[in-house]
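Colleague: Dropping the structure in here first, questions after.
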Amino acid sequence: MRNVLLAIVVLTAFLSCNKTNEVNLIPKPVSFKLRDGSFTISGKTKVKVDSTDSLAFENAAYLVELFNSKGVSCALESAINDDLLNCIIFTRTSCPDSLGAEGYMIDVNPKAITIRANQSAGFFYAIQTLRQLMPANFEKNDFRAKSLTIPYVVIVDKPRFSWRGLNLDCCRHFMNKDFVKRYIDLLAYHKMNVLHWHLTEDQGWRIEIKKYPKVTEVGAWRTNTDGTVYGGFYTQDDIREVVAYAAKRHVMVVPEIEMPGHSVAALAAYPHLSCTGEPLKVETNWGVFKDIYCAGNDSTFIFLQDVLSEVIELFPSPYIHIGGDEAPKYRWENCPKCRARLKTEKLSNYEELQRYFITRISKFLETKGKTIIGWDEILEGGRPHNAMVQAWRGIDRASEALKANAPVVVSPTSHCYFDYPVEVTNLQKVYSFDPVPDKADSAKVPLVLGGECNMWTEYAPQETVDSKVFPRLLAISEVLWTYSNQREYPEFLKRVRYHYNRLDALGVSYGFEQSAVEFKSRIGDDRKSMAVELVKGQDNLEVRYTTNGDEPTEKSTPYRKPILLTSPTTLKAAAFNNGYRVGDVFERAFMVSKSLGKPIELGFKPSEKYMGGGLQALVDGRLGTPKYNDGIWQAVQGEDIVVTVDLGSEQPINSVAIGFLQNIPSWIFLPGCVDVFVSADNSTFERIAQLDCPDSIKQQPMLIYRFNASKVKEIKGRFVRFVAHNPGPCPDWHPASGSPTWLFADEVVVE
Ligand code: ACM
Ligand code: ZN
């Protein structure tokens, strides 16, 4: 319902743009000159190409077919003669080499349309640009016309990056073959050229392997707790069909066959490939699981090499993605075969055993002419032989890949995870992404191949995928195609608003650009108050809010100016349009206390994935929400959280508190206990409290708990230190037992 409402609101805003003769191309070309007037394409227009130039010819034929399907029956002429009036010419002559394989030029003038490119992909992208020079309705299946008009333009264009991808996770939720083909069309339309097809997971194996039929007979189906069975897979014929469909649209399909982790579905089918050999079920929970392929067992490598031998027959891509992420080492550490392998291969730890594993696969694939690509964990223990890297845990992981001289595809959680809600990763945030790390050595920049957006589907069945991918895919397509000095968000947004007409015509059920309400807070100069701004997602909405815990209604206080808070407050806000609420109620809690905005010192390095908004996040007054990826929580894995607040002068301390999140399936646990110390000089500390939580909540899967104490004794001090003890590895009963746990902290409060 939420999507429908906002989509209607969005639509009415654009009707006015539709009438103008503006050109709104996404992604934006390198150079673009619009002239007065337009060229009319009719049944009399001839499409001319030299038939000996097969690359140009196949694209000219594609354009003719496209126009014919819309009712404009141009003729294809297989020679470029002197009669060049009312023509569309495809030619490779006079196209500068600098435009590369994917670049193109279009010149539309009163006499003719001339399209130049060096390679087939360039001609193909020129045609995608022509599509966007037509009225938006051109994209409707039932659009028919006697003639088409194209404005007089001169366009010179080429991409900034060669790898412009989307990762579709068809495992957590299955997407049918036609849906995948539709996504290939949508990628190509936006000049993207890689479909990273995530085909194997804990919760489902989706590709038929003739030699191992059980991977799909067993591994493609999971039985939910209510007894229902969920699943599906692609036959090898399906895969061939999709790959051929993609090739015609200049989309390379890179299959991902996960190893050594995220492999429970395969182990459920063939339990002898795991360290314990115990029977397993295809997973129904989301998370990271301790059962992974045994690295000491040669059968594992025989199986994977056999599987990959079938995979490479199906995918012409020179790259095979082998996963490599999130592989807990617990089973390996406790497995006699894995331990023996460590010894015989003279490896010093289990990260090196993973490197051995990946290197063995890489060398095998190299004999077949293929290069591996793996998630950035594959750099732990040293870069495996020849491996390419996909950086996901942060842009710094791309820097690490460059240091190791590895070609890298960049897709950090901070900007490229389209499974994250728009409240966390909005359109503007995606648009602000740059795949090249700031500090990159210029000699290494060519190793940055490009980037990808990731559509993980734990919480996204097929019918919701459009609303998560769009409109954010428009931003990533431009980030990866257009040079950064050509990009400016407000101007992009205008084109996006027009482009919705095309997405409507293409039948895309796009979601939101941003949250209907966003909270922006600022600490007052006196550090005794906060100002909270409520930013509405669209101009035509009205925001209303409450501070007493009630749900906002159309009668609640309308937001006019930043709300001044001088004490702890929970704000609830919602957007309204003509008296109707649009979207969810958004809730945020703010803490105003003596420690607000005071200088702090961290005795740990927060994870780049969970910085909470910066090094002052723990005293920024904003309280973390139940979502671990809300951008407010600050986190560290396998370590204690130590933070010292400087109150500025010695003063009475009446109470202390620090909040933590627990999300057990995601390995996030409450600390074992929290020690609180006080000091006058930041050197000698006295412990004033040891805080614990009730046993009854220790195994509750999800909660927020604030460790606090008041009036422990009459205490004065200037420096207050909190030491939250990491509870140690995930316990035996946990799916990731033995793996380091996360601590997620937010907001230290001293009163
Ligand atoms: C990943 O998101 N685990 C690559
Ligand atoms: Zn083992």
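The values are calculated or read from the model by the stated rules, or taken from the named source; none is laboratory data. Since the model is a prediction, treat every value here as computed from it, not as a measurement. Cβ atoms come from the backbone with ideal geometry, glycine included; neighbour counts cover every protein chain shown. Keep in mind that these areas ignore ligands, DNA and RNA; they rest on the heavy atoms of the full protein, side chains included. Shrake-Rupley method; radii C 1.70, N 1.55, O 1.52, S 1.80 Å.
Colleague: Given contacts defined as C-alpha pairs under 8 Å and at least six residues apart, what's the relative contact order of region 91-161, whole-number percent?
Modeller: Numbers: 109 pairs, mean separation 26.0, N = 71.
Relative contact order, region 91-161: 37 percent.
Colleague: Could I ask something else about it? Are there trypsin sites (Lys or Arg not before Pro) in region 220-324 that DSSP marks as loop and that have at most 12 other Cβ atoms within 10 Å, and which are they?
Modeller: Working: sites: R222, R240, K248, R249, K281, K290; in loops: R249, K281, K290.
Filter output for region 220-324: K281.
Colleague: For region 543-669, what is Rg from Cα atoms divided by 2.2 N^0.38 Å, rounded to two decimals? Walk me through the numbers on the way to the answer.
Modeller: Details: Rg = 17.3 Å, N = 127, 2.2 N^0.38 = 13.9 Å.
That works out to 1.25 for region 543-669.
Colleague: Loop-only trypsin sites (Lys or Arg not before Pro) in region 425-533, please: DSSP not H, G, I, E or B, and at most 11 other Cβ atoms within 10 Å. Write out the running numbers ahead of the final one.
Modeller: Details: sites: K429, K439, K444, K468, R472, R487, K494, R495, R497, R502, K520, R522, R527, K528; in loops: K439, K444, R487, R527, K528.
Passing both the DSSP loop test and the Cβ count: K439.
Colleague: Something else about it: Using a 1.4 angstrom probe on heavy atoms only, work out the carbon and sulfur share of the accessible area of region 696-750 in %. Intermediate values should be presented prior to the final figure.
Modeller: Working: 1390 of 2540 Å².
Here it works out to 55 percent.
Colleague: Another question, if that's okay. Rounded to the nearest percent, how much of the accessible area of region 314-426 (1.4 Å probe, protein heavy atoms only) is carbon and sulfur? Provide the component values of the computation, followed by the final result.
Modeller: On the way: 1980 of 4120 Å².
The computed percentage sits at 48.
Colleague: Measuring from label point to label point, each 7 Å out along Cα→Cβ, what is the T570 to T235 span in nm?
Modeller: Placing both labels 7 Å beyond Cα along the Cβ direction yields 5.5 nm.
Colleague: According to a simple spin-label model (label point 7 Å from Cα along Cα-to-Cβ), what is the distance in nm between K494 and K146?
Modeller: Reported label-point gap for K146 and K494 is 3.5 nm.
Colleague: Consider a paramagnetic label point 7 Å from the Cα of S710 along Cα→Cβ; state which residues of region 565-585 have an amide N under 13 Å from it.
Modeller: What the label zone holds, given the 13 Å backbone N cut-off, is 568.
Colleague: Which net charge results when you count Lys and Arg as +1 and Asp and Glu as -1 among the other residues whose beta-carbon is under 14 Å from that of E278? Spell out each step's value before the answer.
Modeller: Details: positive: K281, K290, R331; negative: D291.
So the surrounding residues net to +2.
Colleague: For Q651, project a label point 7 Å along Cα to C-beta. Then give me every residue of region 733-751 with its amide nitrogen under 15 Å of that point.
Modeller: It comes to 749-751, nothing else.
Colleague: Turning to a different aspect of this structure: If the cut-off is a Cα-Cα distance under 17 Å, which aspartates and glutamates reach K403, setting aside same-chain residues fewer than 8 apart in sequence?
Modeller: Result set, ordered by chain and number: D376, E377, E380, D438, D441.
Colleague: Calculate, axis by axis, the spread of Cα positions in the chain along the three principal axes, and write the results as whole Å, longest axis first.
Modeller: Over the chain, Cα extents along the principal axes are 97, 69, 54 Å.
Colleague: Among 686-698, 595-607, 390-402, how do they line up from the highest to the lowest mean number of other beta-carbon atoms within 10 Å?
Modeller: In decreasing order of mean packing, 686-698, 595-607, 390-402 become 390-402, 595-607, 686-698.
Colleague: Now for a separate question. Once the piece of chain linking E351 and D584 is laid out straight, how much longer is it, given 0.36 nm per residue of separation minus the C-alpha distance between them? Mind showing how you got there, number by number?
Modeller: Values: separation 233, 0.36 × 233 = 83.88 nm, distance 4.37 nm.
Taking 0.36 nm per residue and subtracting the Cα distance, the gain is 79.5 nm.
Colleague: Mind listing the phi-derived Karplus ³J(HN,Hα) values for region 179-187, rounded to whole Hz, using 6.51, -1.76 and 1.60 with θ = phi - 60°, and x for any glycine or proline?
Modeller: With the stated coefficients, region 179-187 comes to 5, 5, 5, 4, 5, 4, 4, 5, 5 Hz.
Colleague: Using amide H atoms built 1.01 Å from N in the peptide plane, name the residues 5+ places from F744, or on other chains, whose amide H lies under 5 Å from its own.
Modeller: Under 5 Å from the amide H of F744 lie the amide H atoms of L661, F669, each far enough along the sequence or on another chain.
Colleague: Grab the other residues whose beta carbon is less than 11 angstrom from that of E310, score K and R as +1, D and E as -1, and report the net. Please report the intermediate quantities before stating the final value.
Modeller: Numbers: positive: K210, K211; negative: E208, D306, E313.
For residues surrounding E310, the net value is -1.
Colleague: For region 24-125, what proportion of DSSP beta bridges, expressed in % and rounded to the nearest 5, is antiparallel? Could the numbers behind the result be given before it?
Modeller: On the way: 5 of 17 bridges.
Counting only bridges with both partners in region 24-125, antiparallel ones make up about 30 percent.
Colleague: Just to check I understand the Karplus step: with θ = phi - 60° and J = 6.51 cos²θ - 1.76 cosθ + 1.60, what whole-Hz values come out for region 212-228, glycine and proline as x?
Modeller: So the J values, rounded to whole Hz, are 10, x, 5, 4, 9, 4, 9, x, 8, 10, 10, 9, 6, 4, 8, x, 6.
Colleague: For L85 and E551, compute 0.36 nm times the residue count separating them, minus their Cα-Cα distance, and round to one decimal in nm.
Modeller: Details: separation 466, 0.36 × 466 = 167.76 nm, distance 6.68 nm.
Full-extension gain reported as 161.1 nm.
Colleague: Could you give me the ³J(HN,Hα) list for region 311-320, computed from phi with Karplus coefficients 6.51, -1.76, 1.60 and θ = phi - 60°, whole Hz, x at Gly and Pro?
Modeller: 4, 6, 5, 8, 10, x, 3, x, 10, 10
Colleague: Right, here's the next one. Write down the accessible area per residue of the chain in Å², having rolled a 1.4 Å probe over the full set of protein chains.
Modeller: Numbers: 30240 Å² over 751 residues.
Per-residue accessible area for the chain comes out at 40 Å².
Colleague: Restricting to DSSP loop positions (anything but H, G, I, E, B) with no more than 12 other Cβ atoms inside 10 Å of their own Cβ, which trypsin sites (Lys or Arg not before Pro) remain in region 539-595?
Modeller: Details: sites: R544, K555, R560, K572, R581, R588, K594; in loops: K555, R560, K594.
Within region 539-595, the qualifying trypsin sites (Lys or Arg not before Pro) (loop, at most 12 other Cβ atoms within 10 Å) are K555, R560.
Colleague: Placing +1 at every Lys and Arg Cβ and -1 at every Asp and Glu Cβ, with all other atoms neutral, what dipole size does the chain have around its Cα centre, in debye to the nearest 20?
Modeller: 1140 debye
Colleague: How far, in nm, would the chain grow between M702 and E217 when pulled straight, counting 0.36 nm per residue and subtracting the alpha carbon separation? Can you show the working numbers first?
Modeller: Numbers: separation 485, 0.36 × 485 = 174.60 nm, distance 3.43 nm.
Full-extension gain reported as 171.2 nm.
Colleague: Express the carbon and sulfur contribution to the solvent-accessible surface of region 560-673 as a percent, rounded to the nearest whole number, probe 1.4 angstrom.
Modeller: 51 percent
Colleague: Please compare each pair in K528/K711; K370/K609; K181/K210; K290/K444 to a cut-off of 25 Å on the Cα-Cα distance and tell me which ones are over it. Intermediate results must be reported in sequence, preceding the final value.
Modeller: Numbers: K528/K711 22 Å; K370/K609 31 Å; K181/K210 23 Å; K290/K444 36 Å.
As for pairs spanning more than 25 Å Cα to Cα, those are K370/K609; K290/K444.
Colleague: Let me have the 222 nm mean residue ellipticity of the chain computed from DSSP H runs of 4+ only, each contributing -39500 (n - 2.57), with the sum over all residues rounded to the nearest 500.
Modeller: -7500 deg cm²/dmol
Colleague: Hey, could you get me the Stokes-Einstein D for region 40-81, Kirkwood radius over alpha-carbon pairs, 10 °C and 1.306 mPa s, rounded to whole µm² s⁻¹?
Modeller: On the way: Rh = 10.2 Å.
Rounded to a whole number, D works out at 155 µm²/s.
Colleague: Quick one: putting +1 on the C-beta of Lys and Arg, -1 on the C-beta of Asp and Glu, what dipole do you get for region 104-181 around its Cα centre, in Debye to the nearest 20?
Modeller: 60 debye
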